[in-house]
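Q: Submitted below is the structure of interest, expressed as structure tokens.
The values are calculated or read from the model by the stated rules, or taken from the named source; none is laboratory data. Note that the structure is predicted; figures quoted are calculated from it, not measured. Reconstructed Cβ throughout: ideal geometry from the backbone, glycine too, with neighbour counts over all protein chains shown. The accessibility values were calculated without ligands, DNA or RNA, using every heavy atom of the protein model including side chains. Shrake-Rupley method; radii C 1.70, N 1.55, O 1.52, S 1.80 Å.
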Amino acid sequence: MAMKKNKTACWAFIALWSLQGFSQSITVLDSSHDKVSFRGLSLSPDGSVWVSGSRGTIGTSKDGGNTWNWVNPSGYENRDFRDVEAFSANIALAMAVDSPGLILRTIDGGNSWQPVYTNHEKGIFLDDMAFRTGGVGICVGDPLADGLLVIISTQDSGKTWQSLSTLQSPMVTAGEALFAASGTNTIPNPADKHSFLIVTGGKASVLWEVFPFKEYEPEATILPIQQGGATTGANAIAFSGHYLMIAGGDFANRTRSDSNFVVKYKKRPAVLAEIAGGYRSGIADNDMDFRVACGISGVSIHKAPNPSYPLPWTVISTIPFHVVKTLPGSKKFWLAGPGGKIAVLE
């Protein structure tokens, strides 16, 4: 394992962009790992921040991004950790895509990592993890030969994992899968403590509700979002009050924004909308009327009482990012992406 501390050098990479029409700004806190693409991002309840990405790279900061500790878990230096879930400054999970399917766990702030899940099945490809408070969560992967999404569950913060039954697992259509773009296409359902919500893309884009701890069949809602191609469909899902927001588009046609955003209010049908700037792989809401979406073509912001209010999304930056996260009541949105960039929008 290679662990190194970056105490002051990261400030050499700080860049500040003023956003026309807004008082907010994007500050890049670190880009020292410029050969790494970050897609995993987690904000711990204790204030620590974790990122994960390609080249086996995982980073954590305990001081708001001023300094970072970097690690490449021994034996996994070539893995792509597309998602990270942090429970504290010391305890976190890192998920690697591709074969074998892998989840690592640390309890000492990243100094050491132990595998808690390994899957050598042919075609295995994990996409993301999602957790409720109390350490209850799931990890979701693309379908295998049987056409069922791979879903495993845990009730002990990832120490142990169990596979869902065939009754509980979604049977997807040919060409339907998940995009491991930002670790945000699965979330716990705040309206039902027993279920999680998953969005798929590709040949079909579907909102799935699954019940990992109940013997219920999954429920499916076809999304009115761009779909039908290998790179089309939903990428990210988040709640904004009683509204469910889903962002995506077409990765191969990144400027097309006429079908990249879906809004759903409680039991009402999902309605197609638009995020200016094209394809978006991440979306977040701070419960203070601000929403931020990001993608490889830039960052968009929306300020209104709710996400369906007829005010447009505004492109505030063309800097590419894969994932955005925030916490309820926070004025700070965290972003991470290609070129090793870690940034905040305030």
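Q: Heavy atoms only, probe 1.4 Å: what % of the accessible area of the chain goes to carbon and sulfur, would you let me know?
A: 53 percent
Q: Follow-up question, since we're still on this one. Can you list the HN-Hα couplings for the stretch 273-290, worked out from phi with the Karplus curve (6.51, -1.76, 1.60; θ = phi - 60°), rounded to whole Hz and with x for Gly and Pro?
A: Karplus-based 3J(HN,Hα) across the stretch 273-290 equals 9, 9, 10, 4, x, x, 3, 10, 9, x, 8, 8, 9, 9, 6, 10, 6, 10 Hz.
Q: Rounded to the nearest Å, what's the spacing between the alpha carbon centres of the stretch 306-346 and the stretch 196-258? Just the number, please.
A: If we compute the Cα centre of each part, the gap is 19 Å.
Q: If you don't mind, there's one more thing I want to ask. Could you report the chain's accessible area per residue, 1.4 Å probe, as an integer in Å²?
A: Each residue of the chain exposes 40 Å² on average to a 1.4 Å probe.
Q: In debye, nearest 20, what is the charge dipole magnitude of the chain about its Cα centre with +1 on Lys and Arg Cβ and -1 on Asp and Glu Cβ, if you could check? If you can, show how the numbers build up before the last one.
A: Numbers: 29 positive and 29 negative charges, 138 e Å.
In total the dipole reaches around 660 debye.
Q: HN-Hα J couplings of the stretch 333-346 from phi, Karplus 6.51/-1.76/1.60, θ = phi - 60°, integer Hz, Gly and Pro as x?
A: 10, 9, 10, 8, x, x, x, x, 7, 10, 9, 10, 10, 10
Q: Counting only the heavy atoms of the protein chains, how much of TRP70 is accessible to a 1.4 Å probe, in Å² to the nearest 10?
A: About 10 Å², ignoring ligands and nucleic acids.
Q: Please list the non-local residues whose amide H lies under 5 Å from the amide H of GLY298, H modeled 1.01 Å from N, same-chain partners needing a gap of 5 or more.
A: So GLY298 has HN proximity to PHE321.
Q: Taking amide H atoms as placed 1.01 Å from N in the peptide plane, list the residues 5 or more away in sequence, or in a different chain, whose amide H sits under 5 Å from that of ALA92.
A: HN-HN under 5 Å from ALA92: PHE87, THR106.
Q: Would the stretch 250-346 count as rounded, prolate or oblate if I go by the C-alpha gyration tensor, calling it rounded below 1.5 in a/c and otherwise prolate when a/b exceeds b/c, oblate otherwise?
A: Oblate, since a/c reaches 1.5 and b/c is not below a/b.
Q: What's the FRET efficiency of LEU167 with THR318 using the Cβ-Cβ distance as r and R₀ = 51 Å, to the nearest 0.05?
A: The pair LEU167/THR318 has a calculated efficiency of 0.65.
Q: Taking H as built 1.01 Å from N, whose amide H comes closer than 5 Å to the amide H of ASN235, not counting residues under 5 places away?
A: Long-range HN contacts for ASN235: ALA247, GLY248, GLY249.
Q: A further question on this structure: Calculate the spin-label point distance for THR118 paired with GLU219, positioning each point 7 Å from the Cα along the beta-carbon direction, and give it in nanometres.
A: Once both label points are built, they end up 3.9 nm from each other.
Q: Relative contact order for the chain using alpha-carbon pairs under 8 Å, separation at least 6, rounded to a whole percent?
A: RCO, the chain: 13 percent.
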